[in-house]
Amino acid sequence: EDGHFAGFFRFMPKEDHIMLAVGLRPGLCGRGRGGELLALARETWAGRYPGWPLRLEGRTFNQRARKSYEKAGFRILEEYERTTPSGKGDFFLMELG
């Protein structure tokens, strides 16, 4: 945005799905940019990995991101706890569909 880094997405092929990593510059959150980024990621995924499920993982405390993912068509598959470098954390796994 305005020549500055705004966000990213990355696809990581797994055994039976594609994992999506996505990030948006914090100052752009809450302004509709997340939806634009997810739409671009979805379009790119559909062209590169037709027929493969698209999933993403997020932290349960990040409700703004979760709502953005749901608005983009992702649905919760499961919630779980796992160990991170800073201790235990709660996560959700979502799939497009």
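The values are calculated or read from the model by the stated rules, or taken from the named source; none is laboratory data. All values derive from a computational prediction rather than experimental measurement. All Cβ positions, even for glycine, are placed from backbone atoms using ideal geometry, and neighbour counts span all protein chains on display. The protein model used for the area step is the full one, side chains on, heavy atoms only, and it has no ligands, DNA or RNA in it. Shrake-Rupley method; radii C 1.70, N 1.55, O 1.52, S 1.80 Å.
Among what's in segment 50-62 and is in a loop (DSSP other than H, G, I, E, B) and either open to solvent by less than 50 Å² (accessible area, probe 1.4 Å) or small (Gly, Ala, Ser) (or both), pick the residue that is nearest to Lys14 (Cα to Cα).
Only one residue fits best here, namely Pro53.
Just to verify a result, which residue in segment 63-97, among those that are free of Cβ contacts under 8 Å to residues at least 12 places away in the same chain and in a loop (DSSP other than H, G, I, E, B), is farthest from Phe11 (Cα to Cα)?
Filtering segment 63-97 for residues that are free of Cβ contacts under 8 Å to residues at least 12 places away in the same chain and in a loop (DSSP other than H, G, I, E, B), the one farthest from Phe11 (Cα to Cα) comes out as Ser86.
If I ask for residues that are assigned to a loop (DSSP other than H, G, I, E, B) and over 16 Å from Met94 (Cα atoms), which ones from segment 1-39 would you list?
Selection gives Glu1, Asp2, Gly3, His4, Phe5, Ala6, Glu15, Arg25, Cys29, Gly30, Arg31, Gly32.
Being surrounded by 13 or more Cβ atoms within 10 Å (Cβ to Cβ) and more than 12 Å from Leu20 (Cβ to Cβ) is the filter here, so list the residues in segment 78-97 that pass it. Can you show your working first?
As a first pass, look at segment 78-97 and keep what is surrounded by 13 or more Cβ atoms within 10 Å (Cβ to Cβ): 89, 91-96.
If the condition is that a residue be surrounded by 13 or more Cβ atoms within 10 Å (Cβ to Cβ) and more than 12 Å from Leu20 (Cβ to Cβ), then Gly89, Phe91, Phe92 are the ones that fit.
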